[in-house]
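The values are calculated or read from the model by the stated rules, or taken from the named source; none is laboratory data. Only a predicted model underlies this, so the values are computations on that prediction, with no experimental measurement involved. In this analysis, Cβ positions are derived from the backbone assuming ideal geometry, glycine residues included, and neighbour counts consider all displayed protein chains.
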Amino acid sequence: MRFLFRPVVLLIVVTAGSCYAIAQKSPEAKTQKPSVSKPLAMVDGVAITEAQAREEGAAALDSLELQVLRAKAAAARNEHQILEDAVERLVEDKLLRTEAEKQGVPKEELLAREVQRKISEPTADEIDNFYKENQQRIDRPKEEVVTQIIKYMKKQKEDSLTEAFFDKLKSEHQVVRMIEPLRYNVSADGRPSLGPASAPVLLVLFSDFQCPYCKMFSGTIKEITQKYGNNVHLIFRQFPLTSLHPDAQRAAEASLCANTQGHFWEIYDLLFQDQNSLNDEDLRAKAVKLGLDVSAFNACFDSKRYAGEIREDVLAGSAAGLDGTPALFVNGRLLYGNHPYADIAAMIDEELKKK
């Protein structure tokens, strides 16, 4: 990341690879009523109490609770990013000053010599090629945007030269960054897990059984656990996006009922194999297919025994800033969306080196 003497450019992107929605409270979860039921209105002498108002507004209050949790997490992320960016700017400024003093020139002169004066004007062919490659996104005649294209291409060249220059300086000096990555405490006892609890790397996965990206990601997670074996401990936490996936809540409950009989990972595979068959009868059929104690499963499933635990998972995920799935935490470090194997492996390898 490069910051020195350069403008900030904000990009707004729509990221593929995750199911995104405001996670709503399951209808079975109870709203906690206030201890003192004070009147908020009167109708013909009959009080309408705060408890009644909270019951009436339960869904909106629950949504507000999640929004507050996510806002706090976003503030923590922004603060950490500001500090990381500031540290990087200070590191680069220190390197630039040191090199400028060594060469006996002002730092502005050194940067101009190593970066600005090496920026050449794009050729006509380079401009044509750029326009052809990006024509669908630009959607305007080339003559109208040629000035912007030239400016953009020169900025890319400047970025590349700046990065190369500072990488060279960093390779010639001892730079040690002690600022830690932002980490969240999202582990939970009693949730379904794989691998030894003593493993050096803890993976916490938040997922939704009806989310198509979670289905794709489940294969990646299986590959990771097989590759890293006893070096990772995986914990599964529920994050059903009920506003998008109407069967996700009941699928989550079914998975935890299967877990009471020691068959969570078997039903995990079945649920992701056929995401179009997740209504109540389909879920009961999966219990039969797995050879579970059907009476015990049905009693658990009918009682909605794990609705509260699922709500706890949604709250924990929201407190870490989640509003979509899949999300994986590697020793508390967040990877959001359907990341490829290489991204996860790289972060795990970093954590193993630290250990």
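Residues checked against (1) at pLDDT 95 or above; (2) surrounded by 12 or more Cβ atoms within 10 Å (Cβ to Cβ):
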position	(1), (2)
46	no, no
50	no, yes
55	no, yes
59	no, yes
62	no, yes
86	yes, yes
93	yes, yes
97	yes, yes
102	yes, no
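For residue 215, state whether it is over 25 Å from residue 66 (Cα atoms) and either in contact (Cβ under 8 Å) with a residue 12 or more places away in the chain or touching a strand residue (DSSP E or B) at 6+ places or on another chain (Cβ under 6 Å) (or both). Show your work before the answer.
Working: over 25 Å from residue 66 (Cα atoms): no; either in contact (Cβ under 8 Å) with a residue 12 or more places away in the chain or touching a strand residue (DSSP E or B) at 6+ places or on another chain (Cβ under 6 Å) (or both): yes.
So residue 215 does not fit the description; no.
Restricting to the stretch 176-222, what's the tally of residues that are more than 21 Å from the chain's Cα centre (by Cα), at pLDDT 95 or above and farther than 24 Å from residue 262 by Cβ?
Total satisfying the criteria: 1.
For a quick check of your reading of the model, give me the residue pairs whose first member lies in the stretch 155-182 and is surrounded by fewer than 14 Cβ atoms within 10 Å (Cβ to Cβ), whose second is not β-branched (Val, Ile, Thr), with beta-carbon atoms closer than 7 Å and at least 6 apart or on different chains.
163/2; 170/95; 173/95; 179/83; 179/84
Considering only the stretch 147-164, I want to know if a residue exists there that is part of a loop (DSSP other than H, G, I, E, B) and under 32 Å from the mean Cα position of the chain (by Cα). If you could, list the steps in order and put the result at the bottom.
In the first step, residues of the stretch 147-164 are kept if they are part of a loop (DSSP other than H, G, I, E, B); the result is none.
There is no residue in the stretch 147-164 that is part of a loop (DSSP other than H, G, I, E, B) and under 32 Å from the mean Cα position of the chain (by Cα).
So which residues in the stretch 271-315 are over 32 Å from the mean Cα position of the chain (by Cα) and surrounded by 20 or more Cβ atoms within 10 Å (Cβ to Cβ), if there are any at all?
292, 297
Looking only at the stretch 239-249, decide whether some residue is under 24 Å from residue 198 (Cα atoms), surrounded by 17 or more Cβ atoms within 10 Å (Cβ to Cβ) and out of contact with any Leu (no Cβ under 7 Å at 6 or more places or on another chain). Explain how you work it out, then say what you get.
In the first step, residues of the stretch 239-249 are kept if they are under 24 Å from residue 198 (Cα atoms); the result is none.
Checked the stretch 239-249: no residue is under 24 Å from residue 198 (Cα atoms), surrounded by 17 or more Cβ atoms within 10 Å (Cβ to Cβ) and out of contact with any Leu (no Cβ under 7 Å at 6 or more places or on another chain).
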